[in-house]
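Participant: Before I ask anything, here is the structure I am working with.
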Amino acid sequence: MSEIALRPGADIAVARTATGWKSDTMNRRVARRYASERRFRAVGLFAVVLSGGFLAFLLISMLIGGARGFTQTELKLTVDFPSIAAGTTAEALKGPQADETIAALDLETLASTAATAGYGDGSAALLSDGAWLKLRSALKDDPTLITRKAVIWVPASVDIDMAAKGKGDGEHKKIVDRLKAQGNLHTGISTTFFTSADSTDPTAVGIWGAFKGTLLTMLITALLAFPVGTLAALYLEEYAPRNAWTDMIEVSINNLAAVPSIIFGLLGLAVFLNFFNMPRSAPIVGGLTLALMTMPVIVIAARNAIKAVPPSIRDGALAMGASPIQVVFHHVLPLAMPGILTGTIIGMARALGETAPLILIGMRAFISSPPAGFTEPATVLPVQIFLWSDEVSAGFVEKTSAAIIVLLVFLMTMNATAIYLRNHFERRW
Amino acid sequence: MIKASQKMKARDVNVFYGEKQAIRNVSIDVDTDNVTAFIGPSGCGKSTFLRTLNRMNDTVAGCRVEGSIELDGEDIYSSGMDVVLLRARVGMVFQKPNPFPKSIYENISYGPRIHGLAENKAAMDHIVETSLQRAGLWNEVKDRLNESGTALSGGQQQRLCIARAIAVDPEVILMDEPCSALDPIATAKIEELITELRGRFAIVIVTHNMQQAARVSQRTAFFHLGELVEYGATGDIFTNPTQPRTQDYITGRYG
């Protein structure tokens, strides 16, 4: 026995020549190893720089194009309210019938008259189609205006707006230069863009309608997908027996996470609209549809996070006499929460940018007022961007870019919140 | 061999993992006055058997237990036995210290809290203090009860785990190689602690270290290949074993 064990070793020692650790072959081998390492690092760095460059290009081009979308050119208008008052008193504009009284006034004509009076014939074209809305809100704010002349800044027409921002034709440019020299025209940050909804006139459009629609839709998605996804993952990880059924469920969930979103749109259309007869274009339906889409992503992320909780913690809690549900809610879930939140935010971010399924359930409609509730017609930011990018009028180009900026800011805020929450939970545990 | 104060009584216990039999016909008694040590080579089933005593093996898929194990005359595998209360009465300390990633205070108070053992904050403070004192950890951690339990050293963590088990006021404490991840000084402290806790709790300790078994236990059970080869007073097992297999193991012929 001992002889056999010794002999092969002896043979090898005789057969092998000493390894030349300092030989040229070895040096070349070492040099090659260093070279391949350097190549790998260079390629990796190139990839990072490339993706960073794309991101920077996207952000910078959006900012340049979109910054103008937040501004609006306004024209100074001296309005002679008493000329159309016809006996309407300031008191009538304050009373319970205020809205009807204002509606009865011909503010559109008043606006064009004021423009003609101030800037000559044909000057009504200088005004935005929605200029009279500004007069209406001015009257609402201060009913006593009806008894006197007042100076009000109203939005200028698209052509003037474009010319003022350096993109118009020569004729309008001249008008703008003249008006600016007189101090009757200025371009400033537009609150309209943040407070109003869609419109056919680019000078009157706002992002608030789509933004609120997105908020409501995301709220439904989060409220549904997060608890259901987390609980499903908990059940599958902690309670479900391992058998053919759970294997099938696991495969199905993985497949669902990869299903194109438009299919979920069709599903939402068939189930929520056609079967349950829920309101078309409503945030609740959009939220439900997006929740269906987000849930598999959350389930997968949550299962991985739950799997990563060390078994020793589970054993420790069980051995203390914690019931399975106490183990889950006191130990496993808090430890898995950072991972679950990360998965949820990834899923939500995908849902936030989703357009196709929402178009199918009717959220691409022209919605000119912000949704008041979950069942009111609404649209969302990406769909709004899609709709505006399809418009012919030049004024919509910058509005589209501005809307993209709003969407990106929303997205980044969401991600920042997720990172904050994750770090917060990780510190505590 | 069997004393009147016996706490747990196992009779003809067989444990299977699927088709594989891990424990064969083991009968053993555990009492409060003595520390019982389970020794034996790796894979002999001593840890498996320990885990049947508080049904921690329930969590292992495909694990099946036959025979009877009684705690104060009550079969712990009967349908009337509540496994949550069983584990509160039969506490466990693991091989690797596994404090919860919470504060030291919360680590100790967790068990009493879920079992409703403290009426108010003062009672809970009392439980936390006495448990840490009994585990010999109080003086080291009394000023930092709000720090994380995972920030302690390995030996302190293990004593925290023992304090955590004591806090529930169990009747039996099972220790699964509690010192195998610790250095000699920390090990000595744990052994000292085991000696102090003897008489108050029935203690069963699984160990690879025969010197440790000789130092801390009064009764020793030698397991081999899933069988209980010999069980008796620790002195007898180490100096005068009746079975040749025990003799071989004690003298280092295998294991």
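Participant: Does B:CYS161 satisfy the criteria of being buried (at least 22 other Cβ atoms within 10 Å of the Cβ), at the interface with chain A (Cβ under 10 Å from one of its Cβ atoms) and within 23 Å of B:GLN212 (Cβ to Cβ)?
Facilitator: Spelling it out, B:CYS161 is indeed buried (at least 22 other Cβ atoms within 10 Å of the Cβ), at the interface with chain A (Cβ under 10 Å from one of its Cβ atoms) and within 23 Å of B:GLN212 (Cβ to Cβ).
Participant: Does the stretch A:28-41 contain any residue that is part of a helix (DSSP H, G or I) and either modelled with pLDDT under 80 or within 27 Å of the chain's Cα centre (by Cα) (or both)?
Facilitator: No, the stretch A:28-41 has no match at all.
Participant: So, A:THR116, is that one farther than 28 Å from A:ASN184 by Cβ and in contact with a Ser or Thr (Cβ under 8 Å, 6 or more places away or on another chain) or not?
Facilitator: Judged against the criteria, A:THR116 is not a match.
Participant: Being β-branched (Val, Ile, Thr), touching a Ser or Thr at 6+ places or on another chain (Cβ under 8 Å) and farther than 30 Å from B:GLY154 by Cα is the filter here; which residues of the stretch B:62-97 pass it?
Facilitator: B:VAL65, B:ILE69
Participant: Being in a helix (DSSP H, G or I) and over 30 Å from A:GLY66 (Cα atoms): is that true of A:MET278 here?
Facilitator: No.
Yes or no, residue by residue, for (1) under 22 Å from B:LEU193 (Cα atoms); (2) at the interface with another protein chain (Cβ under 7 Å from one of its Cβ atoms); (3) in a strand (DSSP E or B):
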{"site": "B:VAL65", "(1), (2), (3)": "no, no, yes"}
{"site": "B:GLU70", "(1), (2), (3)": "no, no, yes"}
{"site": "B:TYR77", "(1), (2), (3)": "no, no, no"}
{"site": "B:MET81", "(1), (2), (3)": "no, no, no"}
{"site": "B:ARG87", "(1), (2), (3)": "yes, yes, no"}
{"site": "B:PRO97", "(1), (2), (3)": "yes, no, no"}
{"site": "B:PHE100", "(1), (2), (3)": "yes, yes, no"}
{"site": "B:TYR105", "(1), (2), (3)": "yes, no, no"}
{"site": "B:SER109", "(1), (2), (3)": "yes, no, no"}
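Participant: Considering the stretch B:111-133 alone, what residues qualify as being surrounded by fewer than 18 Cβ atoms within 10 Å (Cβ to Cβ) and more than 14 Å from chain A (Cβ to nearest Cβ)?
Facilitator: If the condition is that a residue be surrounded by fewer than 18 Cβ atoms within 10 Å (Cβ to Cβ) and more than 14 Å from chain A (Cβ to nearest Cβ), then B:ALA118, B:GLU119, B:ASN120, B:LYS121, B:ALA122, B:ALA123, B:ASP125, B:HIS126, B:GLU129, B:THR130, B:GLN133 are the ones that fit.
Participant: Could you please find all residues in the stretch B:43-63 being farther than 13 Å from B:ASP176 by Cβ and among the hydroxyl-bearing types (Ser, Thr, Tyr)?
Facilitator: B:THR59
Participant: If you don't mind, another one. Does B:LEU137 count as more than 11 Å from chain A (Cβ to nearest Cβ), over 24 Å from A:LEU335 (Cα atoms) and surrounded by 16 or more Cβ atoms within 10 Å (Cβ to Cβ)?
Facilitator: Yes: the conditions hold for B:LEU137.
Participant: Restricting the stretch A:310-341 to residues that are β-branched (Val, Ile, Thr) and buried (at least 19 other Cβ atoms within 10 Å of the Cβ), which is farthest from the other protein chains (Cβ to nearest Cβ)?
Facilitator: Here the residue is A:ILE340.
Participant: Which condition breaks for B:LEU137 when tested against (1) free of Cβ contacts under 8 Å to residues at least 40 places away in the same chain; (2) farther than 18 Å from B:GLU196 by Cα?
Facilitator: Evaluating B:LEU137 over (1) free of Cβ contacts under 8 Å to residues at least 40 places away in the same chain; (2) farther than 18 Å from B:GLU196 by Cα leaves (2) as the failure.
Participant: In addition: Looking at the stretch B:186-198, which of its residues are at pLDDT below 90 and over 26 Å from B:LYS7 (Cβ atoms)?
Facilitator: Across the stretch B:186-198, the qualifying residue is only B:ALA186.
Participant: So, one more: Would you confirm, using the coordinates I've provided, whether A:ALA317 is within 30 Å of B:ARG55 (Cβ to Cβ) and without any contact (Cβ under 8 Å) to a residue 24 or more places away in the chain?
Facilitator: yes
Participant: Scan the stretch B:56-81 residue by residue and report those that are among the polar types (S, T, N, Q) and under 20 Å from the mean Cα position of the chain (by Cα).
Facilitator: Answer for the stretch B:56-81, where residues must be among the polar types (S, T, N, Q) and under 20 Å from the mean Cα position of the chain (by Cα): B:ASN57, B:THR59, B:SER68.
Participant: Then there's this: Checking A:ALA197 against (1) touching a helix residue (DSSP H, G or I) at 6+ places or on another chain (Cβ under 8 Å); (2) surrounded by fewer than 22 Cβ atoms within 10 Å (Cβ to Cβ); (3) hydrophobic (A, V, I, L, M, F, W, C); (4) more than 30 Å from A:GLN326 (Cα to Cα), which single condition isn't satisfied?
Facilitator: (2)
Participant: In the stretch A:288-309, which residues are closer than 30 Å to B:ARG89 by Cα, part of a helix (DSSP H, G or I) and either aliphatic (A, V, I, L, M) or within 14 Å of chain B (Cβ to nearest Cβ) (or both)?
Facilitator: A:ILE306
The values are calculated or read from the model by the stated rules, or taken from the named source; none is laboratory data. As the structure is a computational prediction, the values presented were derived from the model and not from experiment. All Cβ positions, even for glycine, are placed from backbone atoms using ideal geometry, and neighbour counts span all protein chains on display.
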